[in-house]
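Enquirer: Sharing a structure here in structure tokens format.
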Amino acid sequence: MAAEGKAIDPIHQFEIQNIVPIKMFGMDLSFTNASLFMVIILAAVWFLMVYGTRNRELVPGKLQSAAEMSYEFVANTIRGTAGNDGMRFFPFVFSLFMFVLFANLIGLIPYSFTVTSQIVVTFAFAALVILTVILYGIYKHGLHWFRLFVPSGVSPVMLPFLVMIEVISFVSRPISLSVRLFANMLAGHITLKVFGGFVTMLLASGAWAALAPLPLAGVVAISALELLVAVLQAYVFTILTCVYLNDAIHPGH
Amino acid sequence: MSDNSGSGAGGRNDGGSEELTPEELARQREDKALRARLDRLSASLEARKQADLQRENAARGVEVPGGATGKALSLGFRILSEFVAGIIAGGAIGWLLDKWFSTSPVFLLIFGVLGTVAGFWNVYRVAMNPTGARRDAEGK
């Protein structure tokens, strides 16, 4: 794993490396390992959705039922949180869910790169969600949408205070949305690397090698947990996106 | 009595079936058969629906090993991140206002406190409705 010589560097896996350096308009637009894995993720999603449903069989095969299940899952999530009106955001939410899910899962493969462990990526998604909420809310409800920040049935003395809290709470949404996904992926992968590093360190230290199976068992257990976390975090990201979109569609709570 | 033999229920009750024309008898039999078939169909449909519901519930009940732990972990992490994000957002707003009006540290302090309150408010909201299910949909 990460043990080259005696240096075990659990952060090394998150480094961005240029594959094809491109300099354009004074900006660094290089094709990096992150870009490569984004392309791989898109190819995997494309394969599942387009190749999987190519025959449109009445009795679906494995790939087709996986594609149909992901569709149903996201559609049910949207209907459950944002109502039927939320279905107009289905393409957006579905793309987000599939990308995050595949990024998390592909990141679990050894030697691969986890795109969602970069806060730039997760914050870009979160900002996209919040911008969609704000723009659609104003487009749909005009200035009435800002009633979202005004709780009803409060005394006028407390009102400015509560409005301020609501605004801060709204501003905190993209932060929590992006940090949660990023931190989960980062922490999980670092833990895996550190435990893997324990194995190699113990193996290289004479009699202590007898203890090596302990962290190895830990790696196995954590890998299973990480698989769960990868799926759960994609789900949490999706459901919170729907909850926020619900505020844009029905601002009246 | 003989003149109202056509009206179904009354005619049948007092044994006036002899008075019905053969076509009407046949229609009655057909109706009965159709109703029986409909009943059978709706019963089997209901049974299938029940089975689907049960299967769904069973699937929901089946836990992956460590699934509860993972869910609890993710909920705990969600609450933590909502709380911290509130403080960060408040602090960032206060810091920016201070920078614009060069009133450091007045706004940072005010918005730091407000951000903490907003963090608690976020946590309260998560705790009240962890899955984000719509309230009106639930109430129906």
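The values are calculated or read from the model by the stated rules, or taken from the named source; none is laboratory data. The model shown is predicted, which means the values in this text are computed figures rather than measured ones. Neighbour counts run over all protein chains shown; Cβ positions are idealised from the backbone, glycine included. Areas reflect the complete protein model, heavy atoms only, side chains present, ligands, DNA and RNA absent. Shrake-Rupley method; radii C 1.70, N 1.55, O 1.52, S 1.80 Å.
Enquirer: Check each of the trypsin sites (Lys or Arg not before Pro) in region A:47-144 and keep only those in coil by DSSP with at most 16 other C-beta atoms within 10 angstrom; list them in order. Before the final figure, lay out each step's value.
Expert: Values: sites: A:R54, A:R56, A:K62, A:R79, A:R88, A:K140; in loops: A:R54, A:R56.
Passing sites in region A:47-144 are A:R54, A:R56.
Enquirer: Give me the tail of P(r) for the protein assembly as shown as a percent: Cα-Cα pairs with distance above 37 Å.
Expert: Working: 32757 of 77028 pairs.
So the pairs more than 37 Å apart make up 43 percent of the total in the protein assembly as shown.
Enquirer: Scaled to the compact-protein estimate 2.2 N^0.38 Å, what is the alpha-carbon radius of gyration of region A:16-249, rounded to two decimal places?
Expert: Working: Rg = 22.0 Å, N = 234, 2.2 N^0.38 = 17.5 Å.
Compared with the compact-globule rule of thumb, region A:16-249 sits at 1.26.
Enquirer: Follow-up. Pairing the Cα long axis of helix A:119-141 with the longest principal axis of chain A, what angle in degrees results, from 0 to 90 and rounded to the nearest 10?
Expert: So the inclination is approximately 10 degrees.
Enquirer: Would you mind telling me the share, in percent, of accessible area of the protein assembly as shown contributed by carbon and sulfur at probe 1.4 angstrom?
Expert: On the way: 16210 of 23540 Å².
Its accessible area is 69 percent carbon and sulfur atoms.
Enquirer: Note the angle between two axes, namely the Cα long axis of helix A:33-46 and the longest principal axis of the Cα atoms of chain A, as a number of degrees from 0 to 90, rounded to the nearest 10.
Expert: 70 degrees
Enquirer: Please list, in chain and number order, the residues 5+ apart from A:F31 or on another chain whose amide H is under 5 Å from its amide H, with Hs placed from the backbone.
Expert: Placed amide hydrogens put A:I19, A:V20, A:I22 under 5 Å from A:F31.
Enquirer: Can I ask one more? Which whole-number value in Å² is the accessible area per residue of the protein assembly as shown, probe 1.4 Å? Intermediate values should be presented prior to the final figure.
Expert: Numbers: 23540 Å² over 393 residues.
About 60 Å² of surface per residue is accessible.
Enquirer: Tell me: how much accessible area in total is hidden between A and B, 1.4 Å probe, Å², nearest 100? Provide the component values of the computation, followed by the final result.
Expert: Working: alone 14470 and 11350 Å², together 23540 Å².
Counting both chains, the buried surface is close to 2300 Å².
Enquirer: Give me the percent relative contact order of chain A, please, defined on Cα pairs under 8 angstrom at least 6 residues apart.
Expert: 26 percent
Enquirer: Could you work out the equivalent-ellipsoid semi-axes for region A:18-114, taking the square root of 5 times each eigenvalue of the Cα gyration tensor, largest first, in whole Å? Show your work: numbers first, answer last.
Expert: On the way: eigenvalues 187, 66, 31 Å².
Result for region A:18-114: semi-axes of 31, 18, 12 Å.
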